[in-house]
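The values are calculated or read from the model by the stated rules, or taken from the named source; none is laboratory data. Keep in mind that what you see is a predicted model, and the values were worked out from it rather than measured. Here the Cβ is made from the backbone with ideal geometry for all residues, glycine too, and neighbour counts use every protein chain on show.
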Amino acid sequence: MKIAEIFKSLQGEGKNQGKPCLFIRFAGCNLHCRWCDTPDAQMGGIEMALDSVLEQVWRVHPPYVCITGGEPLLQADQLEPLLASLNKQGTMIDIETNGTIDFTQFQKYALICMDVKCPSSGETSDLTLLNKIRKEDSVKFVVKDETDCRYAQEIINEHQIAGEIFFSPVYGTDYKPIIKFILINNLPVRFQLQLHKIVGVK
């Protein structure tokens, strides 16, 4: 499998924000979001065997692992054995995905965080996948402006999303108008800043 990096940090986003976490960042992505904050993961990476990845994981013995990218589901065949091994050890697992590839085969191992792409990203997600989100999963909208907020609002109104919904501002964006939009429209979302960037960790 092609891995961009493996590192330990605090989970900066989502339902497990603030928890110590081992991140396994897969290399390669099928999208090119304008505001991508991990452009180095879009290409390259190091080819690693499953045993090599697991060796690094067990060295840390993390109770919580986040599979991220890039887009990790592009390497589904290699990802599943990794998830099965982690799951067998009782490790809690999150998968962060851009919502373009069906993730249902992995839900028996992990919680899914589906990042729904808004207009400012220049990309789109497969909105039919929202119907596959469970109560324990989550959906994230990375929003830059009112256009993004209105787009997200329409999606929320049109789809019955079972999991928790997050609004996360594009890093460096004035987040006050986004908070105002949430409050005025009584959106059923949780506003969230990227904790890892605020506290200055990777």
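Considering Glu47, Glu55, Glu80, the condition of being closer than 26 Å to Leu130 by Cα and not basic (Lys, Arg) is satisfied by Glu80 alone.
Take the residues in the range 103-119 that are assigned to a loop (DSSP other than H, G, I, E, B) and touching a residue at least 40 places away in the same chain (Cβ under 8 Å); name whichever of them is farthest from Arg190 (Cα to Cα).
Going residue by residue through the range 103-119, those that are assigned to a loop (DSSP other than H, G, I, E, B) are 103, 107-110, 117-118.
Now restrict to residues that are touching a residue at least 40 places away in the same chain (Cβ under 8 Å): 110, 117.
Numbers: Ala110: 21, Lys117: 17 Å.
So, considering only residues that are assigned to a loop (DSSP other than H, G, I, E, B) and touching a residue at least 40 places away in the same chain (Cβ under 8 Å), the one farthest from Arg190 (Cα to Cα) is Ala110.
Of the numbered criteria (1) modelled with pLDDT under 95; (2) under 14 Å from the mean Cα position of the chain (by Cα), the one Val60 fails is (2). Only residues that are crowded, with 17+ Cβ neighbours inside 10 Å and either over 17 Å from Gly28 (Cβ atoms) or among the charged types (D, E, K, R) (or both) were counted across the range 85-103, and they come to 6.
With the requirement that a residue be over 17 Å from Pro63 (Cα atoms), at pLDDT 95 or above and small (Gly, Ala, Ser), what does the range 15-48 give you? Selection gives Ala27, Gly28.
Does the range 116-130 contain any residue that is surrounded by 16 or more Cβ atoms within 10 Å (Cβ to Cβ) and over 30 Å from Pro177 (Cβ atoms)? Taking every residue of the range 116-130 in turn, none turns out to be surrounded by 16 or more Cβ atoms within 10 Å (Cβ to Cβ) and over 30 Å from Pro177 (Cβ atoms).
Of the listed requirements (1) in contact (Cβ under 8 Å) with a residue 40 or more places away in the chain; (2) within 21 Å of Leu193 (Cα to Cα), Thr38 misses just one: (1).
Helices (runs of 4 or more DSSP H) fully within the range 143-199 that include at least 1 residues being modelled with pLDDT of 95 or more and more than 19 Å from Gly14 (Cα to Cα): 146-158, 176-184.
Only one of the numbered conditions (1) closer than 23 Å to Arg134 by Cα; (2) in a loop (DSSP other than H, G, I, E, B); (3) in contact with a strand residue (DSSP E or B) (Cβ under 7 Å, 6 or more places away or on another chain) is violated by Thr100, and that is (3).
Within the range 120-132, residues that are part of a helix (DSSP H, G or I) sit with their Cβ atoms under 8 Å from residues that are polar (S, T, N, Q), at 6+ positions apart or across chains, in these pairs: Ser120/Thr147; Asn131/Gln160; Lys132/Thr104; Lys132/Gln107.
Within the range 145-161, being farther than 12 Å from Val116 by Cβ and either surrounded by 20 or more Cβ atoms within 10 Å (Cβ to Cβ) or hydroxyl-bearing (Ser, Thr, Tyr) (or both) holds for Thr147, Cys149. Restricting attention to the range 43-84 and to residues that are of a type in the set (A, V, I, L, M, F, W, C), assigned to a helix (DSSP H, G or I) and out of contact with any helix residue (DSSP H, G or I) (no Cβ under 9 Å at 6 or more places or on another chain), the residue that is surrounded by the most Cβ atoms within 10 Å (Cβ to Cβ) turns out to be Leu74.
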